[in-house]
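What follows is one structure encoded as structure tokens, with my remarks underneath.
Bear in mind that the values in this text are calculations on the coordinates, not laboratory data. Being a predicted model, the structure only gives us computed values, none of them experimental. We place every Cβ from the backbone using ideal geometry, glycine too, and count neighbours over all the protein chains shown.
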Amino acid sequence: MPTFILAHRGASKYTPENTMPAFHLAYRMQADGIETDVQLTKDEIPVLIHDENVRRTTDGTGFVQDYTFEQLRMLDAGGWFSKEFEGLRIPSLEELLEWIRDYPLFLHLELKTDVISYNNIEQIVYDLLSKYEVLDRTCISSFNEGSIINMKAINPSVETAYLTSTKMRKLFTYLNSLPADDVHVKHTILGRRLVYQCRKNKVPLRVYTVNKPSLLRKCFRFEIAGVFTDVPDIAWSVRAAEER
Ligand code: G3P
Ligand code: MG
């Protein structure tokens with residue numbers, strides 16, 4: 001299996017993160033999959049935005065959870081990035097699923113429940129994945145163990161990943177206590193020992209956010225399961241050169 005190239009928030013170096021053009025570009029750049037972040041609006045619509053607060057990536061202020069979906073759709077989610085993208089909207093998860101069901105892409109959905117605990121988000125997301133028949137190519141990840149537990153309780157066959165940015169001495173003891181299938185770690189904690197332990201325990205390892213060619217090369221040589229990258233085009237060239 002090659003190390004999969006997963007476009008982090010879409011091809012987010014070139015397009016506003018977590019927008020439909022970012023996902024479309026990731027496909028054109030031959031990414032194997034897409035990573036995106038899910039939060040819930042006030043009326044419980046799952047939407048794709050990284051921060052709990054809309055300030056950084058829109059022309060609005062305040063928290064996603066305080067907007068209805070209709071209100072959130074009035075915000076400009078592209079102008080902060082460049083003039084060319086002015087007028088883009090925050091996509092709903094459903095909009096992404098409607099598009100992705102016809103494309104051969106893996107989907108990594110990160111439930112952003114580590115700061116705000118969105119009521120019932122796991123069931124709401126699960127129902128949509130089921131409706132669009134993409135469960136067999138989706139992995140649900142979260143920094144919040146509770147979301148992984150809730151998702152597995154809904155359907156144990158859903159692939160789940162525990163996300164961590166800190167080096168944990170007892171990572172595998174901890175992972176064994178969780179219903180997580182995979183582990184996603186920050187690139188700063190990637191090392192030979194972790195790769196070895198994941199392989200020994202048969203736990204797929206993916207690393208975020210890998211943009212530098214030297215680090216991408218290292219990941220490909222370690223033959224880990226995947227890299228989350230803002231630059232799927234660069235990742236693709238590095239991987240192709242390694243395969244030659
Ligand atoms: O899912 C991997 C990565 O996206 C986790 O960090 O902050 O970019 O969502 P963040
Ligand atoms: Mg994320």
**Asked** Which one of Ile116, Ile100, Ile149 has the biggest mean-square fluctuation once the chain is modelled by GNM with Cα springs under 10 Å?
**Response** Ile116
**Complete:** Projected area averaged over all directions for the convex hull of the alpha carbon atoms of region 1-56, nm², comes out at 4.6 nm²
**Item:** Estimated vicinal HN-Hα couplings, Hz - region 31-42 in sequence order (Karplus 6.51, -1.76, 1.60; Gly, Pro = x)
**Value:** 5, 7, x, 10, 10, 8, 10, 10, 10, 10, 6, 4
**Complete:** Spelling it out for Gly78: with amide H atoms placed in the peptide plane at 1.01 Å from N, the residues 5 or more places away or on another chain with amide H under 5 Å from its amide H are Gly87, Leu88
**Asked** Using modelled backbone amide H atoms (1.01 Å from N, in-plane), which distant-in-sequence or interchain residues come within less than 5 Å of Tyr208's amide H?
**Response** Val185, Lys186, His187, Phe228
**Item:** Among Phe23, Thr68, His108 the positive-end extreme of the charge dipole of region 1-149 (Cβ point charges)
**Value:** Phe23
**Asked** About its Cα centre, what dipole magnitude does region 1-134 give when the only charges are +1 on Lys and Arg Cβ and -1 on Asp and Glu Cβ, stated in debye to the nearest 20?
**Response** 380 debye
**Estimated vicinal HN-Hα couplings, Hz - region 108-114 in sequence order (Karplus 6.51, -1.76, 1.60; Gly, Pro = x)** = 10, 9, 9, 7, 8, 10, 7
**Prompt:** So who's got an amide H within less than 5 Å of the one on Ser141, skipping anything under 5 residues away but keeping other chains? H placed 1.01 Å off N, in plane.
**Reply:** Leu109, Glu110, Leu111, Ala161
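Taking only DSSP H segments of four or more residues, each worth -39500 (n - 2.57), what value at 222 nm results for the chain once the sum is divided by all its residues, to the nearest 500 deg cm²/dmol?
Helix contribution divided over all residues of the chain: -9000 deg cm²/dmol.
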**Item:** Total charge dipole magnitude, region 96-244, about the Cα centre, Cβ charges on Lys, Arg, Asp, Glu only, Debye to nearest 20
**Value:** 1060 debye
